[in-house]
Amino acid sequence: LVFQIPQGDLDLGEEDWRLASLLVSRQGGELSHVADRTGGHRVLMQLPQLSRARLLVVDDVRAAHKLFERYLAPHNYEIVGTSDPDEAAHLAQQAQPDAIILDVMMPAVDGWQVLRNLREHPATAAIPVIVCSVVEKPELALALGAAQVLIKPIERHVLREAVDRHLAPADSSA
């Protein structure tokens, strides 16, 4: 982004500019300015293009969708959800989420079957699935292909750390 600031409108002291530069650099960007020929300033702010990771939440409780969205949306995650376990595999194939957060205790079709369906389809087999449920059967979830198991109620930082871990790029130096 380039801002043209007329003469006299930029009144930043050295400490103000240092703070503004620090804030922009913490976002992975750069901030610079130069005086232009009119006596004004040209401020250049370069920020990396952010891509939002897409998460599919499969939970029959709509409040869980809202909670996960409140926990994760401020951290650049897009939340797509369904409360219908029968729709989960189809939606995952269409949306191609970066990860799936899956409840186990749902009516009609339980999360274990949803997890099996996701693992059996080539378009969804590699998507990390984080089982987030009150059911404490981590061995079963991992055996069926879950990437991680979280027990409800879940704390914000625990959920975010789990999602971040499974969306982190693979370490190519290993």
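The values are calculated or read from the model by the stated rules, or taken from the named source; none is laboratory data. Source: prediction; values computed, not measured. Positions of Cβ are generated from backbone atoms using ideal geometry, with glycine treated the same way; all protein chains shown enter the neighbour counts. Accessible surface is based on the protein model in full, side chains and every heavy atom, while ligands, DNA and RNA are left aside. Shrake-Rupley method; radii C 1.70, N 1.55, O 1.52, S 1.80 Å.
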Farthest positive-ward along region 43-163 dipole, Cα basis, beta-carbon charges - from Gln46, Val114, Ala89: Gln46
Give me the Å³ per residue figure for the convex hull around the C-alpha atoms of the chain. 173 Å³
Leaving out ligands and nucleic acids, and using a 1.4 Å probe, what accessible area per residue does the chain come to in Å²? 61 Å²
Would you kindly state the longest site-free stretch of the chain, with sites defined as trypsin sites (Lys or Arg not before Pro) in a DSSP loop (not H, G, I, E, B) surrounded by at most 16 other Cβ atoms within 10 Å? 53-174
Roughly what angle does helix 111-120 make with the longest principal axis of the chain, taking Cα atoms, 0 to 90 degrees, to the nearest 10? 80 degrees
Report, to the nearest 10°, how far helix 62-72 tilts away from the longest principal axis of the Cα atoms in the chain, using its own Cα long axis and a range of 0 to 90°. 40 degrees
Computing the accessible area with a 1.4 Å probe over protein heavy atoms, can you report the carbon and sulfur percentage for the chain? 52 percent
Local net charge near Tyr71, Cβ-Cβ under 14 Å (Lys/Arg +1, Asp/Glu -1): -1
Against the longest alpha carbon principal axis of the chain, how many degrees, from 0 to 90 and to the nearest 10, is the axis of helix 85-95 turned? 40 degrees
Considering amide H positions built from the backbone, and no H for Pro or chain starts, which residues 5 or more places from Gly81, or on another chain, come under 5 Å of its amide H? Val57
For the chain, give the share of DSSP beta bridges that are antiparallel, in percent and rounded to the nearest 5; count only bridges with both residues there. 35 percent
